[in-house]
Structures are given as C-alpha cells and as structure tokens.
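Since the structure comes first, as structure tokens, the remarks are kept for the end.
The values are calculated or read from the model by the stated rules, or taken from the named source; none is laboratory data. Note that the structure is predicted; figures quoted are calculated from it, not measured. Here the Cβ positions follow ideal geometry from the backbone for every residue, glycine too, while neighbour counts run over all protein chains shown. What goes into the accessible areas is simple: the full protein's heavy atoms, side chains included, and nothing from ligands, DNA or RNA. Shrake-Rupley method; radii C 1.70, N 1.55, O 1.52, S 1.80 Å.
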Amino acid sequence: MKWRNLISELKRRHVFKSTIAYLAISWIVIQIAATIFPAFDAPEYALKALIYFLSVGLIFWIAFSWVYDLTADGIQKTDDRPADQETLELTNQRLNKVIAVSVGFAVLLLVVISFWAGSTWNESPDVPQNKVVAVLPFSQDIEEEESYFKEGMTETLIGELSKVDQLRVINKGSTQVMTSGFEPANSLINSVLKKVDFFISGNIERELNRLNIQVELKESIDAEPVWQKNYTRDISEVRILWAEVAADLSRQMNITVKQSDAVLWSGLRPVKPEAYELYLKGKHYLNKPSPVDWQRGLVYLQEAIDKNPADPYAYAWMAEAYVNLGHGPDPPPDVFPKALEAAQRAIRLDSTLAMGWAALAHYHTYFGMDWALAEYAFNRSNSLNPNLSSNHYHRSWYLALFGKMNEAIEEHKLAQELDPFFPLNTAWLGELYRWVGLYEEGLIEADKASQMQNDLAHSMFVKGRIYLDQGRINEGLELLKEASEVFVGWKYVGYGPALLETGNIKEGKAVLDELESLPLNGYRALCLGIMYAHLGDIDKTFGYLNYKQKHGWFPWIRVMFLPDEIKKDPRYLKLIRDMNLPDPAPLVYQPEG
C-alpha cells in the first residue's frame with residue numbers, strides 16, 4: 001500500500017511528467033552543445049561535463065517537482081491536499097504542452113541530424129578518407145649542439161598526431177628535407193608537397209623547465225596561418241601538452257577523432273625532466289645514419305632508464321636500435337636478445353605504446369621467428385599508430401618472406417608515403433618490384449632514391465640486380481661493384497655472388513677468399529653460404545648456412561639469395577622448417593588490372 005500511495009502522490013505532484021520534460025530538454029541541450037562546442041574550440045571534456053551536470057541536475061529537478069508545480073499563476077508550491085479536478089486538468093495540460101513541444105523539437109532535431117549524417121555518408125566515397133599532414137621542424141633560438149630538443153619536440157607532436165587514424169602524418173626525416181634548402185625545382189619534393197593538405201610549424205621558447213610554444217596551421221608551406229595558438233606548460237607535462245596541441249589541430253582540420261584514438265591521449269604521464277633530456281638526446285643520435293651514432297644514442301637511452309626505470313619510451317627506442325644494429329654486417333652477438341628484453345619491458349610498462357609493439361614485431365621477424373606473434377605485434381602497433389613508417393617498412397619484408405607480394409608492395413608504398421625522402425623506403429621498393437618482374441618500375445624507384453642520395457649503395461645494388469635479370473651483365477656487375485665500394489657489405493652479398501652467378505669464377509673466388517679470411521659471424525656465414533651455392537659446392541654451402549649464430553637476414557633464404565638447385569636439397573628444407581616457415585613456393589603476385 002505504501003508503494004501505491006507513493007506512486008499516486010508522484011502522479012498527483014506531476015513528478016513523472018516533469019522528469020520526462022527535463023529529459024527531453026536535456027537531450028536537446030546536449031545535441032546543440034555537441035554541434036557548437038567544437039566551433040568555439042571547447043575542450044573535449046566540456047561535453048562530458050555538461051552531461052554530468054545535467055545528470056546531477058535531474059536529482060534536484062525531481063526533488064523540485066515534488067515540492068513545486070506549474071500552475072496558472074506560475075510555479076507554486078504544491079498543496080499537500082489534492083487539488084480540485086479542474087485545477088488538475090489545467091496543470092496537466094500545461095505540462096503536456098511542455099512535453100509535446102520538447103519532444104517535437106527533439107524529433108525534429110533528430111531528423112535534421114539523421115538527414116545530415118545520411119548526406120555525409122552518401123558523399124563519403126568521393127571524399128578522401130585521410131588528410132596528409134607535414135609537421136615542419138619547429139624553430140628555437142639555441143646552439144647547434146642542443147638541436148636535439150627542438151627535433152624531439154617536433155617528433156613528439158608528430159607522434160601524437162600519428163595516433164589519429166584519419167591523418168597521414170609525414171615522418172620527421174622527410175619534413176626536414178622540405179625546409180633544408182632542397183632544390184625547389186626538384187620534381188620529387190614538388191610531387192610530395194602537392195599531396196600535403198596541411199603544414200604545421202611553430203616556435204619553441206624554453207625558460208629552465210617552462211615551455212612556451214606557438215603553433216601555426218597552414219594550407220600551403222608558404223601561406224599565412226589559418227589558425228595559431230600559444231601554449232605554456234612545465235616540461236614535466238610535455239607529453240600532455242603535445243597531446244592537447246594534437247587534439248586542437250585535429251579539430252581545426254575538421255577531423256573528428258575516434259574515441260579509440262582519443263583515449264590514447266588521456267593516459268599520458270608526466271616525465272622526469274632530467275631523464276627526458278637524456279631520452280631526447282638518445283633519439284637524436286639514433287636518427288643519424290651511422291652505427292657509431294646509434295651506439296652513442298644507446299648510451300643516452302640507458303642513462304635515461306637509469307634516471308627513470310619506468311619510462312617505456314626509452315625502452316621501446318632502445319629495442320628498435322638493437323634491431324637496427326642487428327641488420328649490419330658485424331652486429332654485436334647479443335643484440336637481438338637485448339632487443340627482445342627492451343621491447344617486452346616497454347610493453348609491460350605501457351601496452352598502448354606503438355613503438356614497443358613495433359620493436360617486438362621486428363625482433364621476431366629477424367630473429368625470434370615467432371611468426372604469429374610477429375603478425376599480432378605488427379597489427380597492434382599499426383592500430384595504435386598507423387603512421388609509423390618503419391613498422392610498415394619491416395612488415396613489408398615480413399609479408400615478402402611469405403611470398404605475399406601484392407600486400408608487401410602496398411605496405412612498402414605506405415612506408416614510402418609516410419617517409420618519402422628516406423632513400424631506403426624507395427630503393428627497397430624497387431627490389432620488391434624486381435622480384436615480381438616489374439623491372440621498369442624497379443628502375444624508376446632506384447633512380448628516385450639516387451636523386452635523394454647520390455652515392456646510395458642500395459640504389460646501385462637494386463639497379464645492378466635488375467640489369468642482371470634483364471641480361472645487361474656488364475652494366476649490372478659494374479653497378480654492383482660500385483655499390484661494394486661504397487658499402488663493403490654489398491661486396492659479399494651482392495657483387496661476389498653475381499660474379500659467380502655470371503661465370504666470372506676467378507674474380508668471384510677472389511671475393512670469396514677475401515671473405516673467408518675474415519673472422520666468422522652470422523652475416524659472413526650467410527654470404528659464404530650464398531657464394532658457395534653459386535659456385536656449386538653444396539656441402540660447403542650447408543656448412544656455412546648451418547652456422548649457429550644466424551644473421552637477421554637469414555630467414556630470407558626462403559625467397560631470395562640462393563639458386564633453385566639448392567632448394568631441392570633436403571638440408572635446405574630442414575633449415576626452412578627449423579625456422580617454422582612454410583616450404584618454399586612461388587611468389588604470389590597478381591598484377592593490377
């Protein structure tokens with residue numbers, strides 16, 4: 001009976017109808033706010049705050065409607081005694097009108113929004129899904145030896161913008177080319193500039209641990225800014241600062257950031273300034289081309305970790321640096337185990353850090369050989385940061401290892417799109433074209449890479465291999481010889497095997513003897529195995545291919561390096577199966593069209 005009495009009293013006091021009216025009006029307010037808040041650059045939390053405010057307000061409104069009522073004389077305190085029938089009907093009519101108007105307006109607003117959304121969806125196939133963004137190097141009045149800081153700030157903004165799935169953010173190495181005196185008439189840079197929708201630039205002022213940053217958004221590299229804003233923050237909140245900048249820029253570019261992307265900005269933690277400085281110095285040297293600089297960068301990263309053992313970023317970049325060292329002709333013996341340890345540590349500290357997953361994928365691609373985990377880590381990294389050029393580059397070669405050439409080429413082209421002036425992204429794309437017989441396309445890419453760097457051994461290597469495939473033996477050998485003079489590593493994996501393959505046995509044996517005189521390691525064992533295979537000495541081939549310490553390129557004996565005759569030997573199949581790779585099969589490629 002008590003419940004029935006309560007419900008009857010709620011009806012008499014019109015609490016139910018008042019609540020319905022409140023909810024309808026609140027819904028209208030939220031829809032209007034969702035439309036106008038972005039136009040006034042309101043922070044992302046503003047809409048959530050409004051929803052919380054209205055939710056709490058509902059409680060007070062229910063209490064208010066219990067005490068007061070809408071009458072002919074306005075809002076009056078509800079009498080404890082039941083009103084006469086005529087008064088009840090008039091009050092009900094007034095509330096019904098309020099509810100009807102509110103619901104009608106809400107329905108009209110819903111129809112308008114649905115019609116607009118439907119029109120947008122229908123038009124979406126004609127609108128590019130992704131906008132291309134170039135973050136130009138920020139300016140800062142500093143000494144040259146301290147340029148690591150502005151480079152680090154530029155790269156941090158690139159990293160935060162790169163989390164937005166609807167953006168294609170060009171990597172820092174290529175944006176530096178755009179402002180470093182690159183010849184404007186160069187067709188390569190002009191072709192890239194035409195594809196860029198927005199350019200971001202700015203200035204950094206640093207006073208001890210206080211950062212003052214001005215950010216500008218432009219629609220062309222030389223245009224006046226269409227938007228600019230100043231930010232001030234303590235350096236300990238530098239990651240949070242750049243996430244805020246990235247969110248503001250996304251709104252100005254009319255990008256609606258997906259919730260799954262925006263959440264990656266919400267969990268950023270403060271940094272320890274001294275450790276962060278060491279981290280930036282480490283990255284500065286890791287971005288240089290020399291292994292000597294990489295070693296120096298690793299020292300700085302280790303010092304950063306010593307200062308802050310909970311920093312996942314330092315571990316992630318350390319892991320990637322170790323993987324890169326493992327690609328060289330004389331890698332340290334423990335480089336890949338160290339890469340695995342650092343990558344796992346980075347992921348344990350922050351499972352949303354794309355570089356940690358990328359380093360884990362690269363480790364298993366070149367050494368760990370857990371192919372399922374490599375694929376998972378590649379995909380996880382790409383979901384967290386779809387603009388990580390190095391991850392697309394390495395995934396391309398992972399796909400090529402399994403003979404999936406269409407996917408491999410597309411992935412390599414994406415790496416090239418994200419870092420168009422990194423020569424290796426272009427030169428090695430030419431090598432993949434060679435694998436599927438697209439020689440003209442391969443030569444175009446090799447020539448483009450040579451325009452970026454005149455003495456690029458990789459371009460000479462790719463072009464030389466294409467010439468050999470085309471039967472242009474002398475031209476091919478000459479280019480491979482030039483490549484080996486620029487980078488001695490190509491002498492043993494490129495020039496020497498090519499000499500033996502083309503019947504230049506005396507010259508080829510001279511290269512082989514030279515290599516055998518050097519201390520044996522994984523790279524040299526692989527090269528000796530390749531050369532003895534072309535020489536026809538099968539036992540020595542497998543003697544070297546069974547060398548215990550494998551080089552990072554070793555898995556690719558499945559699809560390259562060795563002549564077909566070797567692949568018929570049971571010892572070869574055992575090597576492939578020991579790596580948990582499928583038996584050799586023809587490359588899978590379907591030409592476009």
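Give me the extension gain from GLU514 to GLU274: residue separation times 0.36 nm, minus the current Cα-Cα distance, reported in nm with one decimal.
Details: separation 240, 0.36 × 240 = 86.40 nm, distance 4.82 nm.
Full extension from GLU514 to GLU274 adds 81.6 nm.
Would you work out the charge dipole size for region 458-519 about its Cα centre, treating the Cβ of every Lys and Arg as +1 and the Cβ of every Asp and Glu as -1, and quote it to the nearest 20 debye? Write out the running numbers ahead of the final one.
On the way: 7 positive and 10 negative charges, 26 e Å.
Roughly 120 debye, rounded to the nearest 20.
Compute the length gained on full extension between ASN209 and PHE16: take 0.36 nm times their separation in residues and subtract their Cα-Cα distance, giving the result in nm to one decimal. Intermediate values should be presented prior to the final figure.
Working: separation 193, 0.36 × 193 = 69.48 nm, distance 5.64 nm.
Result for the pair: 63.8 nm of gain on full extension.
Any idea what the dipole of region 313-387 comes to, in debye rounded to 20, about its Cα centre with Lys/Arg Cβ at +1 and Asp/Glu Cβ at -1? Let's see the in-between values first.
Numbers: 4 positive and 7 negative charges, 37 e Å.
Once rounded to the nearest 20, the dipole reads 180 debye.
For a quick check: with amide H placed at 1.01 Å from N, whose amide H comes under 5 Å from PHE421's, ignoring anything fewer than 5 positions away on the same chain?
Those lying under 5 Å, H to H, from PHE421 are SER174.
Region 420-496: percent of C-alpha pairs farther apart than 13 Å?
Details: 1723 of 2926 pairs.
Summing the P(r) tail past 13 Å for region 420-496 gives 59 percent.
Quick one: go through region 417-435 and flag any residue whose amide nitrogen is under 18 Å from the point 7 Å out along the Cα-to-Cβ line of GLN470.
From region 417-435, the list is 427-435.
For the pair GLU565/GLN344, report the inter-label distance in nm, with labels modelled 7 Å from Cα in the Cβ direction.
Taking the simple label geometry, GLU565 and GLN344 are separated by 4.4 nm.
Under a 1.4 Å probe, what is the accessible area of region 221-359 per residue, stated in Å²?
Numbers: 6100 Å² over 139 residues.
That works out to 44 Å² per residue.
I want to make sure I understand the PRE zone here: with the label point 7 angstrom from the Cα of PHE487 toward its beta carbon, which residues in region 422-441 have backbone N atoms less than 11 Å away?
In region 422-441, the label zone of PHE487 (backbone N under 11 Å from the point 7 Å along Cα→Cβ) covers 423-425, 427-428.
Could you order the peptides 565-574, 455-464 from most to least packed, using the average number of other C-beta atoms within 10 Å per residue?
Numbers: 565-574: 14.0, 455-464: 24.5.
The peptides rank, most packed first, as 455-464, 565-574.
Mean separation of Cα pairs under 8 Å and 6+ residues apart, divided by the residue count of region 422-483: what relative contact order is that in percent? Don't skip to the end; give the middle numbers.
Numbers: 84 pairs, mean separation 18.6, N = 62.
It comes to 30 percent, rounded to a whole number.
Compute the relative contact order of region 174-252 as a whole-number percentage, counting only Cα pairs closer than 8 Å that sit 6 or more residues apart in sequence. The partial results should precede the final answer.
Working: 82 pairs, mean separation 15.4, N = 79.
Once divided by the residue count of region 174-252, the mean separation gives 19 percent.
In debye, nearest 20: dipole of region 427-478 around its Cα centre with unit charges on the Cβ of K, R (+) and D, E (-)?
Details: 5 positive and 9 negative charges, 15 e Å.
Here region 427-478 has a charge dipole of around 80 debye.
Please go through region 471-501 and write out the chymotrypsin sites (Phe, Trp or Tyr not before Pro) that DSSP classes as loop and that have at most 12 other C-beta atoms within 10 Å. Don't skip to the answer; put the middle values down first.
Details: sites: PHE487, TRP490, TYR492, TYR495; in loops: PHE487.
Listed in order of number, the matching sites amount to none.
Mind listing the long-range amide H neighbours of VAL132? Cut-off is under 5 Å, sequence gap 5 or more, other chains count too, H placed in the peptide plane at 1.01 Å from N.
Residues meeting the amide H criterion: ARG168, ASP197, PHE198.
List, in order, the whole-Hz ³J(HN,Hα) value for each residue of region 445-459 obtained from phi through the Karplus relation with A = 6.51, B = -1.76, C = 1.60 and θ = phi - 60°; use x for Gly and Pro.
5, 4, 5, 4, 5, 5, 5, 6, 8, 4, 9, 6, 4, 4, 5
For region 448-593, with the dipole built from +1 on Lys and Arg beta-carbon atoms and -1 on Asp and Glu ones, taken about the Cα centre, which of TYR492, TYR467, ILE538 lies farthest toward the positive end?
ILE538
May I ask you to compute the full-extension gain from TYR231 to ALA63, defined as 0.36 nm times their residue separation minus their alpha-carbon distance, rounded to one decimal in nm? Show your work: numbers first, answer last.
Values: separation 168, 0.36 × 168 = 60.48 nm, distance 4.36 nm.
Taking 0.36 nm per residue and subtracting the Cα distance, the gain is 56.1 nm.
If you average the sequence gap of Cα pairs under 8 Å that are 6 or more apart and divide by the length of region 474-579, what percent do you get for the contact order?
Values: 100 pairs, mean separation 19.8, N = 106.
Reported as a whole number, the value is 19 percent.
Please report the net charge: other residues with Cβ closer than 13 Å to the Cβ of TYR393, K and R +1, D and E -1. Before the final figure, lay out the partial values.
Working: positive: ARG395, LYS413; negative: GLU320, GLU410, GLU411, GLU417, ASP419, GLU431.
Value of the local net charge: -4.
Cβ under 11 Å from GLN470's Cβ, GLN470 left aside: what net charge do those residues give with Lys, Arg +1 and Asp, Glu -1? Walk me through the numbers before you get to the answer.
Details: positive: ARG434, LYS463, ARG465, ARG472; negative: GLU440, ASP469, GLU475.
Taking every other residue near GLN470 into account, the sum is +1.
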